[in-house]
Every structure is written in C-alpha cells, then in structure tokens.
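Participant: Quick one: the structure is below, and I'll ask about it shortly.
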Amino acid sequence: MAGLLEVGDLSLAFGGIKAIEGVSLSVLESETLAVIGPNGSGKTSLFNCITGIYRPTSGAIAFHGASLLGHTPDEIARAGVARTFQNLRLFHNMTVLDNLMVGRHLHFAKNLAAAALRLRAEEIRHRSRCEEIIEFLNLEPVRKSRAGDCPYGVQKRVELGRALATEPRLLLLDEPVSGLTQEEKEEFGYWVHEIRGRFRITVLFVEHDLRFASRLADRMVALDHGVKIAEGTPAEVQRHPEVVKAYVGN
Amino acid sequence: MDLIESYREDLRFARRPIARVLLALLVAGLVALPWFAPDHLVFLATLVALYSIGVMGQNLLIGYTGQISFAQAAFLAIGAFTFGHLRIWGLPFPLALAGAGALAALVGVLVGFPSLRLKGPYLAIATLGFGVAVYQVFVNFEALSGGRTGLAIAKLKPMFGLSAAHTQYYVYLLLVTAFTLVTYNLVSSYVGRAFVAIRDADLAAEVNGVNLTRYKLLAFAVSSFYTGVHGALYAQVLGHIDPQIFNLLESLTLFVAVVVGGIASIEGSILGALFVIAVPKLLADYRELVPIIYGLGILLVLMFEPLGLYGGWLKTRLYFRNWPFR
Ligand SMILES: Nc1ncnc2c1ncn2[C@@H]1O[C@H](COP(=O)(O)OP(=O)(O)OP(=O)(O)O)[C@@H](O)[C@H]1O
Ligand SMILES: [Mg+2]
C-alpha cells in the first residue's frame, strides 16, 4: 500500500557534508510517525526537503501520488502539507489571531479589489475557523496579544495553531515539545493526539524526548548521520542495536 | 455577544467612539481649512496631502513588507513625467494621474525582481542603482524630460467658484482620503498580512502558502503606484518639472518620512509627510541644516522610539488613558 507521503532513496548534500543519504520512508494515511536521531542526523533537513525549502540532490518525494520535487514551499502548502519549525518562526509583530489568519491565506479567494474596498465576508468566515483553533489550543487569553510578547510555551502553541489553520492533510512537527516544561509537554501530547483523532490529520514529527515520542507514535524511524538505521514500532526501534549505539556513542 | 457580530466589530474602521469623534473633527477641520487659514498654509497642507500618498506607498514596501528600497525618486520622476506628457497630449487630469501610477507600478514590478534574490542592504543598493540610472535617463533624454526647459504642466481649472489653489487643495484632500482608506483596507486584509508575514519570517510565510514572488512584486507594484501618483501630483503643484527635481535627496526624504513617522503605520506615514514638509519650511533660512535634522531624526527614532512619531503618540495616549496610575 502506498503511503500518503512516500520518500524514496532521498539524498541531500551541502558541498562535502552529506545531510541525508538514501533515506526511504513512507507515512501512511492517518498514522503518527516519529523520526528520531541524534543531533545533526538529518531530521530537520528531511523536513526541509519535504516542504520544498531544500532541493534534494537525488531521490523522490511523492505526496498523495504526486511528486513534490521542484515545487515551491507555498505550492506544497497548498497541496496539504503544513509544518512547524524547530526554532520557532512566528510573525512576531502580528497578533496571535493574525498569525493563525496567515495560516488561512491559502484558502482565501484573494480578490484584491474586495480587499481594497473592505468587503469582508470571506475574512469573517476564515476568522471563525481560526476561533475554533484558538479554542482548541486554549489561546483565548492571548488572541489579541503580539505573538512576540507571548511566553515560549504559548508561542509553540501558536505555531501549531497556524499550521492547523492551513487545514493540512499531513502535519510535520519539528521537535514540538523541546524546551517545554513537563506539564506543557503533557498538554502538547494531548493536542497532537487530538489532531489525529479530531481533525484526522496524518502527523510526522521529530522528537528528542524518546518517552514522549514513543507514547504518541504508531511507528518510529531512526536516522543517524543521514542514514535510516531502524524502522518499526517505538519499542522495536528503541531496542535496535544501531539505535542504542548511535545514542550511547553520542 | 454573538461571535459573528464581534468579528464585524473587530473589522470595523475607527472602532472606538472617541476615535470616531476625533476623526470627524479632523475631517471637518481639514474641509474648513481654506476658510480660516491663510493661503500659504493651505498650500503646505496640499503638499502634506500629496506627500502622504507617497509615504504611505513607501511604508507599504519598507515598513510592512520589509523591503528596503532607495528608488523613490525614480518612481516620482516616472509618475511626474508620464503625467506631464499625458496632460500635454490632452488627457484629462484623472486619466493622466491613473496613467502615471500605472506606469510607475509596471516599472515597480521590474525593480521588484531583484528583491526575489536580494535581501536587506543588498536590495537597498540594487534599488539605489536603479534610482540613479533613471535619473540619468531623464537627464540625458530630452524627448522624455523636455530638455533644458523641462515640461510645463497646465494648472487645474478652478471649480465650484473656488480659487485655483483651493480647488487643488480639495482635490488633493479627496485623493489622500481615498488612498488612506484603501491603505487601511489593504493592510487589514490578507494582502497586509502576507506583507507583514514576509517581513517577520519569510520562510514561515512561504510554508503557510504565501507566494513570495507574487507578494513581493505586489508590494513593489502598489508602492510604486502610490509613489508615481505622488510624483504626478507634485508635478501638478509645481506647474513645471525638470529632472533635477527628482534627485537622491528626494528618495531620502521619503525614506526619512517613513522611518521618522513610523514603520508600518498609516497614521505614522501622514505624520512623516508632515515632518518632511514642516522641517524645510521651519528652516527656510538654514537649508543646509535640513539633511542634518533628517539624519538626527532617523538616529533618534532608531535609538529611542523604533515606532517613530506615531509610536510616541501611542505611548502618550496610553499614559493619559492610564493616568493617574502611572
Ligand atoms: N543549510 C545548511 N548548510 C550546510 N549544512 C547544513 C545545512 N542544513 C543542515 N546542514 C547540515 O546537515 C546535517 C543535518 O542537519 P539537520 O539540521 O538536518 O540535523 P537534525 O537531525 O535536525 O539535528 P538537530 O537534532 O540538532 O536538530 C548537519 O551536519 C548540518 O550541519
Ligand atoms: Mg533539527
């Protein structure tokens, strides 16, 4: 069975550095797949290839049967892939609500004349979608706050909300709980779980916290030095000798 | 309150009653200005009105989209000379104005292309080069600039029994009002959000579906349209144009107005226009001080009040709103 996302024999090199080397993996419809691996193992690079930020040296990436290679990040977003960043990239000077509204951008009809004349029926429709997400992620108290003024944990939530606002079919989360307190991690885990249950979105996430990752993931893939060293259930992958070596060796 | 109702409320222009009262007073004062103010003040107000249009345009590009450009004078010149030629060919004022804006917008798109590759200071230098090139073209091609004698531009015909100067003032007041409203609408729409998204985090904008090419070029097109219209309206006021008018200092003037008035603020743009009209006027006997004041203005803003004059006003307002508690 072909997955929602098929990555085939993917390689990426920066000059002499091989960030990814012949990685193949498939993300099945409505599963939650975790990518683990030590620092510099190519996890973020993989996400950057999928979302069109990096151009792989060779290999294939297909989403829902269509190749993503050669497409710009905004086209890939429109195809239904959303992501968050390892180091937050929020629109700092916008309100939390407006950050989410940018997530709605790709659903706008984009009528310039209507925008100039302040015809706002569409705007109101999209705002109600954002309000649903704001409620889901408990962002009500900050909806009108400047995103840059929010605490780190809230900013992480805003970025998740912005990605959800695009109504993706596949959501990529790059270290969603890094830097969060234990309590915040629990909350985040609940949301990621709900995203799958309630919104029926397929999730691919990178995580260093193996406990957190194995609790959420159906399956797990481990990378080391740009190579896939293990794949399987979280328990299998964590017991895999290569994985143990990669983590202990680090 | 019903949710839909509260969105409507949020999206409304001038939401607070006090804002509406102040706005009404401001408009009434501006409409009545020619009755109580001497003619030279009306003339200054006319200049502020037309400069506000250009500054708002530049603010859309520099302040909202974060694309630093120094090609302002080139677009002023393109607007002014297009307007001049179209008027000489017999086109009525509104059409000539639209033509001036449209051609400037078109050239703006071309100038925008480097912005797809260049960022920050590199883009600033590229646009600066373009500005110098356009200046040279107008200086050297007499067919475009009207040569040594420049282009003479017919005055607006007086209307409604008003004097020529007052007619011009009202036409400009109407135009700046229209441009201001459209700007408010644009920046609060998906367009404005895309602009600010590009400025704050271009990569995140892209992965959220904002087409960088389209919106950067749109920002250049819209801002150049505004600046072209500014050039045309300036030509109309001067009655006579030659290429020397549109030199580098004119680019810097618009840039100063954006920064001193307030980055990414419409009210700030208008305050900035007021600043760059008032300073040379107040220093009429010490012209050489004007660039120094501009430079100081930018320095002070960058050091103490990054949001410019408008930011200062916001703080003052907050102070009085919370008074006596702080
Ligand atoms: N833009 C780039 N230019 C040059 N080298 C890069 C670039 N991006 C990544 N690399 C290199 O590719 C390798 C993989 O980096 P990547 O960021 O994908 O690792 P990661 O698994 O996400 O690590 P971490 O857990 O620290 O986030 C590293 O050696 C890194 O230095
Ligand atoms: Mg990473």
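Every read-out reported here was derived from the displayed coordinates using simple, explicitly stated rules and does not represent laboratory data. Here the structure is a predicted model, which means the values were calculated and not measured. Every residue, glycine as well, gets a Cβ built from its backbone with ideal geometry; the counts of neighbours run over all protein chains shown.
Participant: Each label point is 7 Å from the Cα along the Cα-to-Cβ direction; what then is the distance between the points at B:Val21 and A:Asn87, in nm?
Facilitator: 5.0 nm
Participant: At a Cα cut-off below 21 Å, give the lysines reachable from B:Lys119, other chains included and same-chain residues fewer than 8 away excluded.
Facilitator: Those lysines meeting the cut-off are B:Lys216.
Participant: Stretch A:Asp218-A:Val244 to full length: gain in nm at 0.36 nm per residue minus the Cα-Cα span?
Facilitator: 7.4 nm
Participant: With the contact rule set at Cα under 8 Å and sequence spacing of 6 or more, what percent relative contact order holds for region B:1-155? Don't skip to the answer; put the middle values down first.
Facilitator: Values: 88 pairs, mean separation 35.3, N = 155.
The normalised contact order for region B:1-155 reaches 23 percent.
Participant: Could you give me D for region B:42-247, from Stokes-Einstein at 10 °C and 1.306 mPa s, where the hydrodynamic radius is the Kirkwood radius over C-alpha pairs? Units µm² s⁻¹, please.
Facilitator: Values: Rh = 17.4 Å.
Estimated via Stokes-Einstein, D reaches 91 µm²/s.
Participant: Moving on to the next point. Can you tell me the FRET efficiency between A:Ala109 and B:Tyr286 if r is taken as the Cβ-Cβ distance and R0 is 51 Å, rounded to the nearest 0.05?
Facilitator: The formula returns an efficiency of 0.40 here.
Participant: What list do you get for A:Lys156, B:Lys315, A:Lys185 if you sort them by fewest beta carbons within 10 Å?
Facilitator: Final ranking by Cβ density, sparse to dense: B:Lys315, A:Lys185, A:Lys156.
Participant: Test of understanding: in a Gaussian network model of chain B with alpha carbons linked when under 10 Å, which of B:Phe195, B:Phe225, B:Phe130 would top the mean-square fluctuation ranking?
Facilitator: Comparing B:Phe195, B:Phe225, B:Phe130 in the GNM, the peak value goes to B:Phe130.
Participant: If you count, for every residue in B:75-87, the Cβ atoms of partner chains within 10 Å of its Cβ, what is the mean?
Facilitator: Counting other chains' Cβ atoms within 10 Å and averaging over B:75-87 gives 0.
Participant: So, one more: Any idea what diffusion coefficient region B:171-306 gets from Stokes-Einstein, in µm²/s, Kirkwood Rh on alpha carbon pairs, 25 °C, 0.890 mPa s?
Facilitator: Values: Rh = 16.8 Å.
The calculation lands on 146 µm²/s.
Participant: Going by Cα centres, region A:153-205 and region B:151-188 are how many Å apart?
Facilitator: Cα centroid of region A:153-205 versus Cα centroid of region B:151-188: 52 Å apart.
Participant: If I model a spin label at A:Arg78 and A:Asp209 as a point 7 Å from the Cα along the Cα→Cβ vector, what separation in nanometres do I get?
Facilitator: So the label points at A:Arg78 and A:Asp209 sit 3.7 nm apart.
Participant: Something else: Would you mind calculating the relative contact order of chain A from Cα pairs under 8 angstrom and at least 6 residues apart, reporting the percent as a whole number?
Facilitator: 28 percent
Participant: Just how large is the dipole of the protein assembly as shown about the Cα centre, in debye to the nearest 20, putting +1 at every Lys and Arg Cβ and -1 at every Asp and Glu Cβ?
Facilitator: Its charge dipole is roughly 1180 debye.
Participant: Below 8 Å, C-alpha to C-alpha, sequence gap of six or more: please give me the relative contact order for chain B in percent.
Facilitator: Once normalised by length, the contact order is 30 percent.
Participant: In whole angstrom, note down how far apart the Cα centers of region A:1-63 and region A:96-146 are.
Facilitator: The distance from the Cα centre of region A:1-63 to that of region A:96-146 comes to 32 Å.
Participant: At 0.36 nm per residue, and after removing the present C-alpha to C-alpha distance, how many nm does the segment from A:Arg125 to A:Glu167 gain when stretched out fully?
Facilitator: 13.7 nm
Participant: Follow-up. Could you pull out every one of the lysines with an alpha carbon less than 20 Å from that of A:Lys228, ignoring same-chain neighbours closer than 8 positions?
Facilitator: Cross-link targets: A:Lys18, A:Lys43, A:Lys245.
Participant: Select from A:Ser41, A:Ser178, A:Ser128 the residue whose mean-square fluctuation is largest in a Gaussian network model of chain A (Cα-Cα springs shorter than 10 Å).
Facilitator: Between A:Ser41, A:Ser178, A:Ser128, it is A:Ser128 that shows the largest mean-square fluctuation.
Participant: Could you work out how far the C-alpha centroid of region B:46-70 sits from that of region B:241-263, in angstrom?
Facilitator: That distance is 10 Å.
Participant: Can you list the chymotrypsin sites (Phe, Trp or Tyr not before Pro) in region B:136-182 that are in a DSSP coil and have 10 or fewer other beta carbons within 10 angstrom?
Facilitator: B:Phe160
Participant: If you don't mind, there's one more thing I want to ask. From the P(r) of region A:90-167, could you give the percentage of C-alpha pairs in the tail past 19 Å?
Facilitator: Within region A:90-167, distances greater than 19 Å cover 33 percent of Cα pairs.
Participant: Could you calculate the FRET efficiency of A:His64 with B:Phe141 from 1/(1 + (r/R0)^6), where r is the beta carbon distance between them and R0 is 60 Å, rounded to 0.05?
Facilitator: Taking R0 as 60 Å, the efficiency between A:His64 and B:Phe141 is 0.60.
Participant: Which parts of region B:23-51 would a label at B:Ser163 reach, counting a residue when its backbone N lies under 13 Å from a point 7 Å out along Cα-to-Cβ?
Facilitator: B:34-44
Participant: Then there is this: If you average 1/r over every pair of different alpha-carbon atoms in chain A and take one over that average, what Kirkwood value in Å do you get?
Facilitator: 18.8 Å
Participant: Semi-axes of the equivalent ellipsoid of region B:12-121: what are they in whole Å, largest first, if each equals the square root of 5 times a C-alpha gyration tensor eigenvalue?
Facilitator: 31, 23, 13
Participant: Using only the alpha-carbon atoms of the protein assembly as shown as identical scatterers, what base-10 log of I(q)/I(0) does the Debye formula give at q = 0.07, 0.08, 0.11 Å⁻¹?
Facilitator: So the normalised log intensities are -0.51, -0.64, -1.03.
Participant: How big is the shadow of the Cα convex hull of region B:122-212, averaged over all directions, in nm²?
Facilitator: 9.9 nm²
Participant: Roughly what would the spin-label model give for A:Arg55 and B:Ile88, points 7 Å off Cα along C-beta, in nm?
Facilitator: Once both label points are built, they end up 4.7 nm from each other.
Participant: Calculate the mean, over all residues of peptide A:94-101, of how many other protein chain Cβ atoms lie within 10 angstrom of the residue's Cβ.
Facilitator: The shielding value for this peptide is 3.
Participant: Let me ask another. Grab the beta carbon distance between B:Thr149 and B:Asn247, set R0 = 25 Å, and tell me the FRET efficiency rounded to 0.05. Present the calculation step by step, with values, prior to reporting the outcome.
Facilitator: Numbers: r = 19 Å, r/R0 = 0.74.
The computed FRET efficiency comes out at 0.85.
Participant: Another one. For chain B, modelled as a Gaussian network with Cα springs under 10 Å, which listed residue fluctuates most, B:Tyr286, B:Tyr122, B:Tyr184?
Facilitator: B:Tyr286
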